[in-house]
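The block underneath contains the structure these notes are about, expressed in structure tokens.
What follows draws every value from the coordinates through simple rules; no lab data is involved. Only a predicted model underlies this, so the values are computations on that prediction, with no experimental measurement involved. No Cβ is skipped: glycine too gets one built from the backbone with ideal geometry, and neighbour counts run over all protein chains shown.
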Amino acid sequence: MFNQKYFGGGLPTYRLRSVRHMTWLGESGRCLRRRRLIEIQRALDTETATSCLLHEMAHASTNDCHAAAWKAEMMRLKREGAPLSGDDATVEMDDWSGGHVSRRYFRMAVADMLITAPQIDAKQAIRFFIQNDGGAHSVAEFLRKFPWALRTFSACKREHRELVAQDRMGKATPEQQSEIARKFVMAREAKRRKSQKPAPSKEG
Ligand SMILES: [Zn+2]
């Protein structure tokens, strides 16, 4: 019904699945465009779940990023009175730039980038990250705000090379590759956390 009401019935048919746990970041929903599947976390209240569904539908009608196209779609929904709430209700072209970026999220994003663009360098990765997720207005500002970014990028690159060397990426689809990369990063982090008892940084 949202498809009729807010998208002129233009979205392809998606399956909707309510899941208990989302992936690695405790996101509340996700839109798997290739599989025509939207997943929403089960524990959400109706208002949040509704907003989350619209958020994912906006991805379905644009792309996976939180960049200009998606933002424009969210702003249009808002204008048309769609029941958005929380962060989804306040999307603006120039927002999400003051937000905190957790190291973990950045690692995951970079791990994903390296799958499609293994040659990417730190600056390109940060620029791409800013386009998709924000964090700062420029690479320089990003580095000032998140001084760990370069180190984290190098670590990601090393990890990616190791994965490739182990030839675990060889015949995997991009989706599987990104799953492999994620597991690898998580395992690394768990190990690191264990080896240095007092957690060095709070991660959001
Ligand atoms: Zn999203």
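Things worth noting here:
- Shape box of the chain [Cα atoms, principal axes, largest first, Å]: 50, 38, 34
- The chain - mean residue ellipticity at 222 nm from DSSP helices (-39,500 (n - 2.57) per run, n ≥ 4, rounded to 500): -16500 deg cm²/dmol
- Axis of helix 174-195 versus longest Cα principal axis of the chain: the two differ by about 60°, to the nearest ten degrees.
- Spin-label pair Glu92/Asp45, simplified geometry with 7 Å Cα→Cβ offset, distance in nm: 2.6
- Here the relative contact order of the chain, from alpha carbon pairs under 8 Å that lie six or more residues apart, stands at 15 percent.
- Label-to-label distance, nm, for residues given as Cys65 and Arg193 (7 Å Cα→Cβ offset): 3.1
- Antiparallel bridge percentage (DSSP; both residues within the chain; nearest 5): 45
- Backbone N under 20 Å from the Ala117 label point (7 Å along Cα→Cβ), restricted to segment 169-184: 174-179, 181-182
- Taking the longest Cα principal axis of the chain as reference, the axis of helix 103-116 is set at about 90 degrees.
- Filter on Lys157/Lys191; Lys171/Lys194; Lys71/Lys183; Lys71/Lys145 - keep pairs with C-alpha separation over 27 Å: Lys171/Lys194; Lys71/Lys183
- Mean Cβ count within 10 Å, highest first, over the residues of peptides 83-92, 107-116, 169-178: 107-116, 83-92, 169-178
- Intensity falloff of segment 2-90 expressed as log10 I(q)/I(0), Debye formula with alpha-carbon point scatterers, at q = 0.19, 0.20, 0.22, 0.26 Å⁻¹: -0.84, -0.94, -1.15, -1.57
- With K and R counted +1 and D and E -1, the other residues having a Cβ less than 10 Å from that of Pro12 yield a net charge of +2.
- Gyration tensor analysis over the Cα atoms of segment 73-142 returns equivalent ellipsoid semi-axes of 27, 13, 11 Å (largest first, whole Å).
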